[in-house]
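Shown next, in structure tokens, is the structure this report addresses.
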Amino acid sequence: MVDAFINWRSSALEELDALTVFQVFRLRQAVFILEQACLYPDIDELDKQAIHLLGTDAEQNLIAYLRILPAGSQYQEPAIGRVLVEQRNRGTGLGGLLIDEGVRVLRQHYGEVAVRISAQSYLLSLYEDAGFKVVGDEYLEDDIPHTEMLLSAP
């Protein structure tokens with residue numbers, strides 16, 4: 001199980017210091033580009049609009065991350081994306097905690113709204129455990145199978 005201590009921090013990009021931004025982009029690069037062998041522009045214009053949720057351990061190591069996008073930037077609803085857990089911390093339950101915290105922060109900012117995601121298909125059960133439902137057929141995004149999912153408003 002995940003360590004008892006996870007420090008959650010949510011911030012706009014301009015509120016993060018340079019070292020934190022470096023850590024975020026380095027971890028995203030390690031997971032989405034190198035580990036998944038997927039060449040695409042991970043750093044994009046949406047980063048400037050996003051709320052960045054960072055999870056750090058007791059030693060302040062970045063071990064979990066996602067970004068929250070406002071309604072209209074990617075989907076009609078607010079969205080969660082770039083969801084990742086650092087490789088050594090997978091299988092500990094941290095992914096579920098990250099999703100739950102992401103939904104909480106999103107609704108803190110945007111109200112009790114529906115949330116849409118483009119989930120990597122092999123992680124469907126993780127998102128279903130958080131209440132998301134499949135709302136479309138599987139498709140390829142950057143050569144990785146994805147499925148659109150929706151968490152209804154409470």
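The values are calculated or read from the model by the stated rules, or taken from the named source; none is laboratory data. Given the structure is predicted, the values throughout are model-derived calculations rather than measurements. Here the Cβ is made from the backbone with ideal geometry for all residues, glycine too, and neighbour counts use every protein chain on show.
To keep it simple, each residue is scored yes or no on (1) aromatic (Phe, Trp, Tyr); (2) in contact with a Ser or Thr (Cβ under 9 Å, 6 or more places away or on another chain).
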| site | (1), (2) |
| --- | --- |
| Leu62 | no, yes |
| Arg67 | no, no |
| Tyr122 | yes, no |
| Lys133 | no, yes |
| Thr147 | no, yes |
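Among the numbered conditions (1) in contact with a Cys (Cβ under 9 Å, 6 or more places away or on another chain); (2) at pLDDT 95 or above, tell me where Phe32 comes up short. Among (1) in contact with a Cys (Cβ under 9 Å, 6 or more places away or on another chain); (2) at pLDDT 95 or above, the lone unmet condition for Phe32 is (2).
Only one of the numbered conditions (1) of a type outside the set (Ser, Thr, Tyr); (2) modelled with pLDDT of 95 or more; (3) buried (at least 17 other Cβ atoms within 10 Å of the Cβ) is not met by Gln108, and that is (3). Applying the set (1) without any contact (Cβ under 8 Å) to a residue 60 or more places away in the chain; (2) in a loop (DSSP other than H, G, I, E, B); (3) farther than 23 Å from Ile33 by Cα; (4) not aliphatic (A, V, I, L, M) to Glu77 leaves exactly one unmet item: (1).
With the requirement that a residue be outside any helix (DSSP H, G or I) and either farther than 24 Å from Ser11 by Cβ or of a type in the set (Ser, Thr, Tyr) (or both), what does the stretch 120-139 give you?
Here is the first cut: in the stretch 120-139, the ones outside any helix (DSSP H, G or I) are 120, 130-139.
Passing the criteria: Gln120, Gly131, Phe132, Lys133, Val134, Val135, Gly136, Asp137, Glu138, Tyr139.
The set of residues from the stretch 48-69 being among the charged types (D, E, K, R) and either in a strand (DSSP E or B) or farther than 23 Å from Gly96 by Cα (or both) comprises Lys48, Arg67. When residues in the stretch 69-97 are screened for being more than 14 Å from Phe132 (Cα to Cα), hydrophobic (A, V, I, L, M, F, W, C) and crowded, with 19+ Cβ neighbours inside 10 Å, 5 of them pass. Taking Gly72 and the conditions (1) assigned to a helix (DSSP H, G or I); (2) without any contact (Cβ under 8 Å) to a residue 12 or more places away in the chain, which numbered condition does it fall short on, given that it satisfies the others? For Gly72, the failing item is (1).
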